[in-house]
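Data block below; observations after.
Every number in this text was worked out from the coordinates using simple rules, so none of it is lab data. Everything quoted here is computed from the prediction, not taken from an experiment. Virtual Cβ from ideal backbone geometry, glycine too; neighbours counted across all protein chains shown.
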Amino acid sequence: MDHHTRTLTIALACVATVALVGCDPAATEPTPDTPAATEPATKAPAPSATEEEPAEEKAVPDFVGMGLQSAQDAAQAEGFYSLKSHDSAGRDRMQAFDRNWKVCSQNMAPGKVIPTDTTLDFGAVKLEETCPAGDKQAPEAAGGKMPDLVGESVKAARGALDSGTSITVTDATEDRMVLMESNWKVCTQSLAPGAALNGQPVEFTAVKFEESC
């Protein structure tokens, strides 16, 4: 074999070796001059979210005597945005049109310094009505006994009993439909106050609030 042929044979052998091995192992082995790759450093945890700053504190204005809508607007102007209202007469009426109601009481005393995210609750009656001396509390059936519901609104009387109670309401004087129950008051009840409530049906007679039983 001449020198030219031997050189070609060696070259072909090297090419075949590279094809099989892929690369020189020595090129990928760590050496004193090429240290092995180290694992990536552990990522530092993200800083925890800072706590929310406490709400600003302000003195509560005196809202009693204001129209309900005006009181709500004034409260929001002072930064109090958590507002609600209830019927001071205890009839459980909804304050659907705030301009038709006036404030009789407020749950936070005027001048008291509180966080502005505190809920303000206004007790209210309709403009033509007189504020009660104190908010009338809704009746409730305590200890499984029938409460005295005479004089209460039919809506409040219904709310005092278990939601599964079967209740019949009839007009005490005429044969009218009792539709807006908050406008009707109970005249009689089929179960005496103090009677045990065992799921029995309850019957009420009622008239409108401006009428006499």
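What to note about this one:
- Partners of residue 58 within straight-line reach, counting aspartates and glutamates whose Cα lies under 18 Å from its Cα and excluding those fewer than 8 residues away in the same chain: 73, 78, 117, 121.
- Subset of 126/155; 102/145; 136/208 violating a 25 Å alpha-carbon distance limit: 102/145
- Annotation note: trypsin sites (Lys or Arg not before Pro) in the range 119-200 located in DSSP loop regions with a Cβ neighbour count of at most 14 within 10 Å are 176.
- Amide H contacts of residue 167 (H built 1.01 Å from N, in plane; Pro and chain starts excluded): 202 sit under 5 Å, all sequence-distant by 5 or more or on other chains.
- Normalising the average separation of contacting C-alpha pairs (under 8 angstrom, six or more residues apart) by the number of residues puts the relative contact order of the range 51-181 at 25 percent.
- DSSP-loop chymotrypsin sites (Phe, Trp or Tyr not before Pro) across the range 46-111, with at most 11 other Cβ within 10 angstrom: 97
- Across the range 154-197, C-alpha contacts under 8 Å between residues 6 or more apart give a mean separation that, scaled by the residue count, equals a relative contact order of 44 percent.
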